[in-house]
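Accompanying notes for the structure given below.
The values are calculated or read from the model by the stated rules, or taken from the named source; none is laboratory data. Given the structure is predicted, the values throughout are model-derived calculations rather than measurements. Here the Cβ is made from the backbone with ideal geometry for all residues, glycine too, and neighbour counts use every protein chain on show.
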């Protein structure tokens with residue numbers, strides 16, 4: 001049971017590390033409206049780092065989750081697992097299109113900053129909502145009647 005408990009711990013920590021840093025970005029968004037030069041670059045570098053960190057901890061999260069399914073005997077057709085994977089796929093597609101292209105545009109001189117920052121803000125809150133939905137499913141393990149056989 002030690003290995004299973006260790007995997008649960010790794011899974012929980014990777015979930016925290018993949019969600020937590022996004023909250024640091026909220027105050028940075030406000031500061032990005034007026035930041036220039038090296039300060040602006042620093043904020044955008046922080047955004048880029050958080051997105052990359054979330055991607056890599058997401059790999060640990062998925063890997064540990066798959067191992068927990070296998071070791072715990074959870075079948076693939078368990079409703080909360082199906083729901084979590086559906087939201088996971090949606091989050092991957094969303095993340096690929098939401099952050100990096102907008103950050104790249106914000107780095108360009110003369111970019112129209114207000115609409116790009118609105119898009120980045122909206123993307124951040126949507127992504128946090130998606131992550132919290134996944135976290136809710138992993139914690140509460142809802143049985144979703146419409147997914148049950």
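Among the residues in region 37-59, are any at positive phi and at pLDDT 90 or above?
So far as region 37-59 goes, yes, one or more of its residues are at positive phi and at pLDDT 90 or above.
Listed residues 94, 43; which is touching a helix residue (DSSP H, G or I) at 6+ places or on another chain (Cβ under 7 Å), without any contact (Cβ under 8 Å) to a residue 24 or more places away in the chain and in a helix (DSSP H, G or I)?
Numbers: 94 fails: without any contact (Cβ under 8 Å) to a residue 24 or more places away in the chain.
Being touching a helix residue (DSSP H, G or I) at 6+ places or on another chain (Cβ under 7 Å), without any contact (Cβ under 8 Å) to a residue 24 or more places away in the chain and in a helix (DSSP H, G or I) holds for just one of 94, 43, which is 43.
Considering each of 71, 106 in turn, give the residue that is touching a residue at least 60 places away in the same chain (Cβ under 8 Å), over 20 Å from the mean Cα position of the chain (by Cα), in a helix (DSSP H, G or I) and exposed (fewer than 15 other Cβ atoms within 10 Å of the Cβ).
Matching residue, one of 71, 106: 71.
Go through (1) touching a residue at least 60 places away in the same chain (Cβ under 8 Å); (2) in contact with a helix residue (DSSP H, G or I) (Cβ under 8 Å, 6 or more places away or on another chain); (3) farther than 15 Å from residue 47 by Cβ for residue 114 and report which single condition fails.
(2) is the only condition that residue 114 fails.
Please work out which one of (1) free of Cβ contacts under 8 Å to residues at least 24 places away in the same chain; (2) more than 25 Å from residue 3 (Cβ to Cβ); (3) surrounded by fewer than 15 Cβ atoms within 10 Å (Cβ to Cβ) is the condition residue 59 fails and give its number.
Tallying (1) free of Cβ contacts under 8 Å to residues at least 24 places away in the same chain; (2) more than 25 Å from residue 3 (Cβ to Cβ); (3) surrounded by fewer than 15 Cβ atoms within 10 Å (Cβ to Cβ), residue 59 fails exactly one: (2).
Does region 79-103 hold any residues that are over 13 Å from the mean Cα position of the chain (by Cα), under 27 Å from residue 143 (Cα atoms) and surrounded by fewer than 17 Cβ atoms within 10 Å (Cβ to Cβ), and which are they?
Correct list: 82, 85, 86.
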